[in-house]
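Here's the structure, in structure tokens; my notes come after.
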Amino acid sequence: MAETRYSAAINRALADAMAADASVVLFGEDVAAPGGPFAVTRGLLAKFGPQRVRDTPIAEAAIAGAAVGAALSGLRPVVEIMFMDFMTFTMDALVNQAAKAHFMFGGQCSVPMVVRTPHGGGLNAGPQHSQCLEAWFAHVPGLKVVVPGTPADAYGLLRAAIDDPNPVVFVEHKGLYGTKGELPEPPAPVAIGAARIARAGRDASIVTYGAAVAWSLRAADALAKEGIETEVVDLRSIQPWDEAAVLESVGRTRRLAVVHEAVSAFGVGAEIAACISAKAFGRLAAPVARVGAAFMPVPFAPSLERACLPGETGIAAAVRRLMAHA
């Protein structure tokens, strides 16, 4: 294994996919000559040329619409939307076209496209560049949504997303791009919809994804010093999500906290909490807890942003409250 940056793992996944399949094309704002707004696509233009790696105008609706047309025409487009906040402009192409084409045309076509987009705060980018909107897309039948939290999963899930015949929203956290982790050699595939146990435990389960995995692991380490052994389940995919893995974990620990950076209201955590409460009610020793951002736009000021977003202290506090139940 080699230690690899999260951004480099994504870059390698793109390069390997494009080398393996000439139908894979990449386009978006600044992805070619500049190498991407976060330098994730650096070097790909030189490797694959302007016919397969293209910069586009600042027009997210046009980017998404072109990707749908390219996918229906036999290509496998990977497009980048610079910030998840601007996925709002792609909604018609993704929700009404990409997600439904297979069904509307009687299964005669597929839409093998990937939309890469970074979400999340922590960079003091303010309310229009810090949102976590993945629950919007997880709510749409026909779309898959994945949120890798490690370099290995970023590589494996992106390769799986590009190979998938269905449209996939691939969510990256801006705060993870510079983080490092082990990447197997050769990199291992990761199935969409399969969770992993990031840390084993017996007293409570934390179910999470993306950047919140690292926060949850730090919270679990702090709780271990108090004698509380917390299991951390990294969903990796939120549509589909690994319901069986979560039920198995909760069946052993009898306590569950669902953690994500997005606001708690009407979010991924709400869906998981409802499902587990319905299917594991008799095994739960405490109500399911949810940890998420405050229900407000993300502030610019660093101090206010820290107060708004969840972190390891709030996660640990939620687990302690679960443990207070007999």
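Structure values in brief
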| item | result |
| --- | --- |
| Residue match in the range 44-51 (condition: crowded, with 20+ Cβ neighbours inside 10 Å, touching a residue at least 40 places away in the same chain (Cβ under 8 Å) and either within 25 Å of GLY175 (Cα to Cα) or aliphatic (A, V, I, L, M) (or both)) | no |
| Verdict on GLY311 being surrounded by fewer than 21 Cβ atoms within 10 Å (Cβ to Cβ), more than 20 Å from the chain's Cα centre (by Cα) and either in contact (Cβ under 8 Å) with a residue 12 or more places away in the chain or at positive phi (or both) | no |
| ALA270 at pLDDT 95 or above, in a loop (DSSP other than H, G, I, E, B) and surrounded by 15 or more Cβ atoms within 10 Å (Cβ to Cβ) | no |
| Subset of the range 137-188 (residues that are of a type in the set (Ser, Thr, Tyr) and buried (at least 24 other Cβ atoms within 10 Å of the Cβ)) | THR150, TYR155 |
| Breaking point among (1) surrounded by 24 or more Cβ atoms within 10 Å (Cβ to Cβ); (2) part of a loop (DSSP other than H, G, I, E, B); (3) not basic (Lys, Arg), for LEU123 | (1) |
| Breaking point among (1) assigned to a helix (DSSP H, G or I); (2) free of Cβ contacts under 8 Å to residues at least 60 places away in the same chain, for GLY201 | (1) |
| Any hit, the range 32-51, residues being touching a Lys or Arg at 6+ places or on another chain (Cβ under 8 Å) and over 22 Å from PRO148 (Cβ atoms) | yes |
| Verdict on GLU134 being at pLDDT 95 or above, acidic (Asp, Glu), under 19 Å from PHE266 (Cβ atoms) and crowded, with 23+ Cβ neighbours inside 10 Å | yes |
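The values are calculated or read from the model by the stated rules, or taken from the named source; none is laboratory data. As the structure is a computational prediction, the values presented were derived from the model and not from experiment. Here the Cβ is made from the backbone with ideal geometry for all residues, glycine too, and neighbour counts use every protein chain on show.
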